[in-house]
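S.K.: The structure's right below; bear with me while I get my questions together.
The values are calculated or read from the model by the stated rules, or taken from the named source; none is laboratory data. These figures come from a predicted structure and were not determined experimentally. Please note: Cβ atoms are built from the backbone with ideal geometry, for glycine as well, and neighbour counts cover all protein chains shown.
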């Protein structure tokens with residue numbers, strides 16, 4: 001039970017202390033947790049400049065001392081990516097990346113600092129939405145900065161009503177270059193379970209994309225709840241593990257020092273016990 005996408009009080013949109021989340025993780029049967037607070041580089045983002053890296057690591061050491069005998073606690077970060085802010089992110093990672101066990105690359109913005117939320121998509125075709133977004137995902141993968149890509153098909157959450165019947169097959173033709181980049185760069189993607197408990201009522205991505213990725217030879221998948229409150233830590237992870245098995249994934253990735261190890265499903269109980 002690995003939850004590799006959890007936010008804390010060091011994210012602008014979360015008020016939950018690490019210690020509170022550790023207790024919740026242990027109660028939920030989570031064995032490894034990554035605290036992946038937002039690192040925002042888009043100047044108009046309301047979280048720009050909010051993250052306090054030294055306070056984050058002090059808090060991380062405190063919870064490792066208190067809970068480390070019951071829970072593996074990873075230093076993590078969700079780093080916002082867009083080619084518009086490439087230089088700013090490059091400066092940040094060149095100084096700080098080696099401090100982390102696990103890094104998520106997430107695209108939350110379109111060009112010129114426009115959030116990928118309505119009304120941005122209102123006048124765009126489905127192909128226009130995903131073409132621009134997936135180009136940014138591929139660019140993020142090619143940087144080598146990230147262990148995993150966050151919520152790979154998140155635009156489906158914000159599509160206008162006329163596309164609410166979106167099917168993954170609608171974007172299948174645009175995925176092979178992204179998969180090739182991931183496999184060549186040893187970068188995977190997460191199954192973000194937040195979509196199960198809220199819109200779009202399915203994980204991001206869902207089983208179709210997982211099947212296409214594994215058929216292309218991909219093996220690097222992580223699981224994360226995108227929790228901003230202790231109540232959702234671990235939510236949807238058991239269901240996701242079963243989905244991954246059925247879709248042909250060989251296991252899930254575990255990380256230390258940004259180096260990933262594939263943990264087959266039949267080894268997860270033994271790993272938790274160890």
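S.K.: Starting from region 103-132, keep only residues that are farther than 17 Å from residue 143 by Cα, then list their pairs with residues that are part of a helix (DSSP H, G or I) and at pLDDT below 90 whose Cβ atoms are within a distance under 6 Å, requiring at least 6 positions of separation or different chains.
M.R.: Hits for this filter: 126/163.
S.K.: So, in region 97-142, of the ones that are in contact with a strand residue (DSSP E or B) (Cβ under 8 Å, 6 or more places away or on another chain) and more than 30 Å from residue 165 (Cβ to Cβ), which residue ends up surrounded by the most Cβ atoms within 10 Å (Cβ to Cβ)? Spell out the reasoning first.
M.R.: Keep residues of region 97-142 that are in contact with a strand residue (DSSP E or B) (Cβ under 8 Å, 6 or more places away or on another chain), which gives 97, 99-109, 115-116, 137, 140-141.
Add one more test, that the residue is more than 30 Å from residue 165 (Cβ to Cβ), and what stays is 97, 99-103.
Details: 97: 15, 99: 14, 100: 21, 101: 21, 102: 29, 103: 23.
Looking at residues that are in contact with a strand residue (DSSP E or B) (Cβ under 8 Å, 6 or more places away or on another chain) and more than 30 Å from residue 165 (Cβ to Cβ), I get 102.
S.K.: Pull up region 195-207, narrow it to residues that are more than 20 Å from residue 265 (Cβ to Cβ) and surrounded by fewer than 22 Cβ atoms within 10 Å (Cβ to Cβ), then point me to the one that is modelled with the highest pLDDT. Show your work before the answer.
M.R.: Step one: filter region 195-207 for residues more than 20 Å from residue 265 (Cβ to Cβ), giving 195, 197-202, 204.
Now drop any that are not surrounded by fewer than 22 Cβ atoms within 10 Å (Cβ to Cβ), which leaves 197-202.
Values: 197: 93, 198: 89, 199: 84, 200: 87, 201: 89, 202: 90.
By that ranking, first place goes to 197.
S.K.: Report, by residue number, each residue of region 223-247 that is in a strand (DSSP E or B) and farther than 14 Å from residue 265 by Cβ. Don't jump to the end; show me each part of the working.
M.R.: Of region 223-247, the ones in a strand (DSSP E or B) are 223-224, 227.
Matches in region 223-247: 224, 227.
S.K.: Does region 76-87 contain any residue that is modelled with pLDDT of 95 or more, farther than 24 Å from residue 260 by Cβ and exposed (fewer than 13 other Cβ atoms within 10 Å of the Cβ)?
M.R.: Scanning region 76-87, I find at least one residue that is modelled with pLDDT of 95 or more, farther than 24 Å from residue 260 by Cβ and exposed (fewer than 13 other Cβ atoms within 10 Å of the Cβ), so the answer is yes.
S.K.: Could you tell me which residue of region 11-33 is surrounded by the fewest Cβ atoms within 10 Å (Cβ to Cβ), considering only residues that are free of Cβ contacts under 8 Å to residues at least 60 places away in the same chain and within 15 Å of residue 72 (Cβ to Cβ)? Show your work before the answer.
M.R.: The initial filter retains those residues of region 11-33 that are free of Cβ contacts under 8 Å to residues at least 60 places away in the same chain, namely 12, 15, 17-19, 22, 26-27.
Narrowing further to those that are within 15 Å of residue 72 (Cβ to Cβ): 18, 22, 26.
On the way: 18: 23, 22: 25, 26: 16.
Across region 11-33, the extreme among qualifying residues is 26.
S.K.: May I pose another question? Taking the options 260, 274, name whichever one is surrounded by fewer than 22 Cβ atoms within 10 Å (Cβ to Cβ) and at pLDDT 95 or above. Break it down into steps so the answer makes sense when it comes.
M.R.: Working: 274 fails: at pLDDT 95 or above.
Only one candidate qualifies: 260.
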